[in-house]
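What follows is a short report on a single structure.
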Amino acid sequence: MKILVTGGAGFIGANFLNLLVPRHPEHTFVNADKLTYAANLGSLAEIATAPNYLFTRVDIADMAAVDAAFDEHAPDVVVHFAAESHVDRSISGPREFVRTNIEGTFNLLEAARRTWKDGQGLFHHVSTDEVYGSLGTEGLFTEDTRYDPSSPYSASKAASDHLVRAYHRTFKLPVKLTNCSNNYGPLQFPEKLIPLMIMNAQDGKPLPVYGQGTNVRDWLYVEDHCEAIWTVVQRGAVGETYNIGGNNEVKNIDVVHGLCNVLAQEMGRPPAELLGLITYVKDRPGHDLRYAIDATKIKEQLGWSPRETFETGLRKTVRWYLDHKVWVDQVRNGEYRNWIEQNYAGR
Ligand code: NAD
Ligand code: TYD
């Protein structure tokens, strides 16, 4: 099979490719990525020269580029990760979210519809639990929960989910969707809560906790998410949606406390030194209180459940950031961005 992976140089896409390229030499994986600030080809160093892996620079919001990629690579499957993914950026600059997440998904669906005939192909759409909006203190998101997105990010993902389902109902395009809770693990860009706190704590900088730190997220180790997506690609039913979650609800302040304690142990520093960096800052506008997933459907129908506990996953993540100084420094000092500008100028 030829599998077109959009956004494969980002956090989850790179983890997905690093897991699956070596495991499946019988499939070819084509990574189509625009290489925005959130991407890093260094994240794919281990598979860059694998015979079943190819990289192509594509902006999914550019219809001609998407058409050209489909014509050149003739994929059997699309696994669609590419997106603008950070809620805070969607508040300060929503336009790119509409462009990439909505128009980009539309372009991919159009190219797939043109390319695949008579039930051929599979379009796997990777989405988020944030489309369901905020929970109160009780209850869980199921696949039937009403959409009620709060941020421009979640609204753009909700729109893309609707387009994917509409292409299935109207044009019979074979699609599958997964809506997952917050991921953490290696290769995550340090604007998201967990890597941001790891970097700041290492540098002795303030650890900015929004509001009272009482918002709850359901954390899932990124490799568990990747395994779930692959399970759905292989064995999920066409036209269906599967919620993916870690069964692991934690308040933000408890995440930060846990991180400080693990980091202190791993760095041989007193925990109080790191805990003292916690600073409460102005809350995010429209900040969803709580996300929590009911993952019964994927567990019962496809046999998937998470392997990593939050404790082991956090420790692995902290170790990864401490052990990968080159990756971290490149991401932080802009060296990688300069490299992209020089190497991809005009392409
Ligand atoms: P990320 O921001 O780390 O990576 C996004 C990737 O998409 C980058 O490599 C970027 O270059 C690429 N991209 C952005 N715009 C593009 C464009 N116009 N054309 C081509 N490529 C483009 O994101 P992530 O955290 O890896 O998330 C991947 C997907 O998973 C997203 O669709 C996101 O909505 C979804 N998701 C993320 C989480 C999470 O916790 N991170 C949870 C659930 C779902
Ligand atoms: P984030 O990693 O941005 O993911 P999302 O907003 O998609 O859930 O944030 C996770 C939680 O952490 C969210 O409730 C906002 C909070 N947060 C902070 O308290 N401080 C920060 O610096 C960041 C980035 C997030």
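The values are calculated or read from the model by the stated rules, or taken from the named source; none is laboratory data. Given the structure is predicted, the values throughout are model-derived calculations rather than measurements. Methodologically, a virtual Cβ is constructed for each residue, glycine included, from the backbone with ideal geometry; neighbour enumeration extends over all protein chains shown. Accessible surface is based on the protein model in full, side chains and every heavy atom, while ligands, DNA and RNA are left aside. Shrake-Rupley method; radii C 1.70, N 1.55, O 1.52, S 1.80 Å.
What to note about this one:
- Amide H contacts of residue 38 (H built 1.01 Å from N, under 5 Å, at least 5 apart or other chain): none
- Separation of the range 144-210 from the range 216-268 is 12 Å, based on Cα centroids.
- Once both labels are positioned 7 Å from their Cα atoms along Cα-to-Cβ, the gap between residue 64 and residue 48 label points is 3.0 nm.
- Inter-label distance, residue 171 to residue 326: 4.3 nm, where each label sits 7 Å from its Cα along the C-beta direction.
- Here the accessible area of the chain is 51 percent carbon and sulfur, with a 1.4 angstrom probe and all protein chains present.
- Sequence-separation-based contact order of the chain, relative, with Cα cut under 8 Å and 6+ spacing, percent: 17 percent
- Under 17 Å from residue 282, Cα to Cα: aspartates and glutamates that are on another chain or at least 8 residues apart: 88, 191
- Projecting label points 7 angstrom from Cα along Cα→Cβ for residue 289 and residue 307 puts them 3.7 nm apart.
- Whole-Hz ³J(HN,Hα) from phi, Karplus 6.51 cos²θ - 1.76 cosθ + 1.60, for the range 258-268, glycine and proline x: x, 5, 4, 5, 5, 4, 4, 4, 5, 9, x
- Using θ = phi - 60° in the Karplus curve 6.51 cos²θ - 1.76 cosθ + 1.60, the 3J(HN,Hα) couplings for the range 56-68 round to 9, 8, 9, 9, 5, 7, 9, 4, 5, 5, 5, 4, 4 Hz; x is entered for Gly and Pro.
- The orientation-averaged shadow of the Cα convex hull for the chain, equal to a quarter of the hull surface, comes to 16.7 nm².
- Counting only DSSP H runs of at least 4 residues, each contributing -39500 (n - 2.57), and dividing by the residue count of the chain, the helix-based mean residue ellipticity at 222 nm comes to -13000 deg cm²/dmol.
- Partners for residue 297 among lysines (Cα-Cα distance below 22 Å; same-chain residues under 8 apart left out): 157, 176
- Between residue 137 and residue 253, full extension at 0.36 nm per residue minus the direct alpha carbon distance yields a gain of 40.1 nm.
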